[in-house]
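Asks: Sharing a structure below in structure tokens format, with a few things to ask.
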Amino acid sequence: MSRLLLVISLSMVVLAACSRHDDPPPALPIVEPPQPTNFTVTTQDSVVYELSWDVDDPTVVSFYLLYSQVDIPFAGLQVDTIPGTSAQVNLGLPLPVTFCVSSVTFENVESLLTCATAP
Amino acid sequence: MAYQHTRSENSGQRGRRLVVVGLLVVLTTVVHGQAFAGETGALVRSLLIPGLGQAHQGHYTRASVYAGTAIISGFGILLSQVHYNQSVDRYDIAKSVYAGYVEDLENGEIVNVGDLNASYDEVIAAWNEAEDRLVWRNVFLVTFIATYTVNLVDVLISKPYKLDPDERLAIDVNRERFLVVKTIKF
């Protein structure tokens, strides 16, 4: 009878020990991309815009992504790749527009966006 | 001819089933008769349901404690297992989303650091939740195991409750009334 009790107890302990979830994967060792700061948008005629921004550590940045969203119905989001920390955008028409910029590291990790609306 | 062959096969199967059912009935009757009689009966009852053997022996308080603990911990096992399964599903989904971002990066696609960090935070949160719920599941399971084991040991070492002569039913009759006296011990 003591053997029976031992078998029952052991089998239940084995059942108790089993779990269905494994350990979490390690976090990817990525270089945190610096978020652009001091993002300024200037224009003379609301057609051509001068954009500039700064980053804390430009050495880890491969390129920048510039998002342009014209504030009219059915206008698509335009994304441009910019190598430096300044850009000139010609809309062709005087339109209200919002710009956002982000940095992308050499591992293709994009930073958080910094946005500004044209004056 | 084929029809007759099928018919005889069917009747043969039916006969075999009847024999098996009959054997089971006889076996159950024999085992039931032997297993549920005397002190072995108490053990078999406690093997089936915790506390039932103690009730058979006349220890009703202990029987209630074992049965109550077993029922509560049994429901606890079921509920915590369901919750644990839900959190494991959440963890698996979070892990696959994060693995998708990692795969995108390996394929040269651009991944936003906010999405990447948020998905990894979700993986860790889901894993922590699964760990917590696993602990609860195991607490209920260990409680159930302990109750079941103690219940079996108890029924093995306990002797059936015998009525004390002092506890017997007594009737005190007066001219105007009568009292029925019964002493109960726990």
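Asks: Sum up the charges of everything whose Cβ sits under 14 Å from the Cβ of residue A:114, counting Lys and Arg as +1 and Asp and Glu as -1, but leave residue A:114 out.
Replies: Local net charge: -3.
Asks: I've got another one for you. Using θ = phi - 60° and the Karplus form 6.51 cos²θ - 1.76 cosθ + 1.60, what ³J(HN,Hα) does each residue of region B:63-75 get, whole Hz, x for Gly and Pro?
Replies: 4, 5, 5, 5, 5, x, 4, 5, 5, 5, 5, x, 5
Asks: Check which residues have an amide H placed less than 5 Å from residue B:112's amide H, if you skip close sequence neighbours.
Replies: A:110
Asks: Moving on to the next point. Counting Lys and Arg as +1 and Asp and Glu as -1, what is the net charge of the other residues whose Cβ lies under 13 Å from the Cβ of residue B:86?
Replies: Net local charge, residue B:86 excluded: 0.
Asks: Same structure, new question: Set the Förster distance to 41 Å, then compute FRET efficiency between residue A:22 and residue B:150 from the Cβ-Cβ distance, nearest 0.05.
Replies: That gives a FRET efficiency of 0.75.
Asks: Which whole-Hz ³J(HN,Hα) couplings does region A:82-94 yield from phi under the Karplus relation 6.51 cos²θ - 1.76 cosθ + 1.60, θ = phi - 60°, glycine and proline marked x?
Replies: 10, x, x, 9, 8, 7, 10, 10, 10, 7, x, 9, x
Asks: Would you mind getting me the FRET efficiency between residue A:115 and residue B:72? Use the beta-carbon distance for r and R0 = 41 Å, nearest 0.05.
Replies: In this case the efficiency is close to 0.15.
Asks: Once label points are set 7 Å from the Cα along Cα→Cβ at both residue B:159 and residue B:40, what is their separation, rounded to one decimal in nm?
Replies: Inter-label distance under the simple model: 2.1 nm.
Asks: DSSP loop (so not H, G, I, E, B), at most 13 other Cβ within 10 Å: list which GluC sites (Glu not before Pro) in region B:79-122 pass both filters.
Replies: B:109
Asks: Counting Lys and Arg as +1 and Asp and Glu as -1, what is the net charge of the other residues whose Cβ lies under 13 Å from the Cβ of residue B:66?
Replies: With Lys, Arg at +1 and Asp, Glu at -1, the net is +1.
Asks: Please give the FRET efficiency for residue A:90 paired with residue A:37, using the beta carbon to beta carbon distance and R0 = 25 Å, rounded to the nearest 0.05. Kindly include the intermediate steps, with their values, before the conclusion.
Replies: Values: r = 25 Å, r/R0 = 1.00.
E between residue A:90 and residue A:37, to the nearest 0.05, is 0.50.
Asks: When the convex hull of the C-alpha atoms of region B:36-181 is computed, what volume per residue in Å³ does it have? Can you show the working numbers first?
Replies: Numbers: hull volume 22.4 nm³, N = 146.
That works out to 153 Å³ per residue.
Asks: So which aspartates and glutamates can residue B:159 reach, going by Cα to Cα under 16 Å and dropping same-chain residues fewer than 8 places off?
Replies: The reachable aspartates and glutamates, counting only those whose Cα sits under 16 Å from residue B:159, are B:39.
Asks: Straight-line reach from residue B:182: which aspartates and glutamates have Cα under 13 Å away, leaving out those fewer than 8 places along the same chain?
Replies: Of all the aspartates and glutamates, those that pass the test against residue B:182 - Cα under 13 Å, at least 8 places apart if same chain - are B:164, B:166, B:167, B:172.
Asks: Take the alpha carbon atoms of region B:105-167, find their center, do the same for region A:68-108, and report the distance between the two centers in whole angstrom.
Replies: For region B:105-167 versus region A:68-108, the Cα centre distance is 52 Å.
Asks: If I model a spin label as a point 7 Å beyond the Cα along the Cα-Cβ vector, how far apart are those points for residue B:179 and residue A:52 in nm?
Replies: It is 10.7 nm.
Coordinate-derived values only; no laboratory data. This structure is a prediction, so every number in the text was calculated from the model and none was measured. Backbone-built Cβ (ideal geometry, glycine too); neighbour counts: all protein chains shown.
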